[in-house]
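Q: Pasting a structure below so you can have a look.
Throughout, read-outs are computed from the coordinates displayed, never taken from laboratory work. None of these values were measured; they are calculated from a predicted model. Glycine also receives a Cβ, built like all others from the backbone with ideal geometry; neighbour counts cover every protein chain displayed.
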Amino acid sequence: MKTNGKCQQVVISGFGGQGIILVGKLLAQTAMKAGKEVTYMPAYGAEVRGGTANCVIVISDNPISSPVIDKPDAVIAMNKASVDKFAPKLKPAGLLILNSSLVDEIPKLDASIKVVKIPADHIAVELGSVKVANMVALGAYLEKCGVLKLETAGDSLPDVLAERYHVTIPLNKKALQKGAEFVR
């Protein structure tokens, strides 16, 4: 799903505590490791945990003129409010990855939009921690989109996780893999 042949604009959204900002950083770091041009713009409410959180990542083979986007190529939505807010903004033929553990219905969308429902929370719980649901969703996105490699994302984890959390790297890698496997 390379849009315009060279650029991918992604919105990742959910509520504070779901690791939205972390997974956005990971996607941006993965793109940088792959030699791409990247912009990363996080936004979150003052209350953080439980409030809204989203980030916009633009990945390109060429210099990026602006990190601001109107119509993303892809949306990863981890809760219902995120689907309602960002899915209608998707470009035609865009990609919506949604956490079906928390989202049971979606708004009317353009028929060309590819919707991937993944029970990210349920898969994460099966792996041992609901905290890796964000990685499950990112793994699904990476597999469906094909712009970046799953292995590069796994190799980028030490760059975005504080050293005290490096013990979670094997679980995060497994969650990325499970998300990718789910959509194959």
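Q: How high is the FRET efficiency between Ser66 and Glu163 when r is their beta carbon distance and R₀ equals 25 Å, given to the nearest 0.05?
A: Working: r = 34 Å, r/R0 = 1.35.
With R0 = 25 Å, the Cβ-Cβ based efficiency is 0.15.
Q: Turning to a different aspect of this structure: Past 21 Å, Cα to Cα, is the threshold; run Lys89/Lys174; Lys80/Lys149; Lys71/Lys114; Lys33/Lys89 against it and keep the listed order.
A: Those over the limit are Lys89/Lys174; Lys80/Lys149; Lys33/Lys89.
Q: Residue by residue, what Karplus-based ³J(HN,Hα) values in Hz, rounded to whole numbers, does the range 141-150 have, using 6.51, -1.76 and 1.60 with θ = phi - 60° and x for Gly and Pro?
A: In residue order, the calculated couplings are 4, 4, 5, 6, 7, x, 7, 10, 8, 4 Hz.
Q: Could I ask something else about it? Over the chain, what is the mean sequence separation of C-alpha contacts under 8 Å (at least six apart), divided by residue count, expressed as relative contact order in percent?
A: Taking the mean separation of contacting Cα pairs over the length of the chain, I get 22 percent.
Q: Once you have the Cα-Cα distance between Asp110 and Asp84, take 0.36 nm times their residue separation minus that, and quote the gain in nm to one decimal.
A: Full-extension gain reported as 8.0 nm.
Q: How much length is gained if the chain between Ala93 and Ala34 is pulled fully straight, taking 0.36 nm per residue apart and subtracting their Cα-Cα distance, in nm to one decimal?
A: So the chain would gain 18.8 nm between Ala93 and Ala34.
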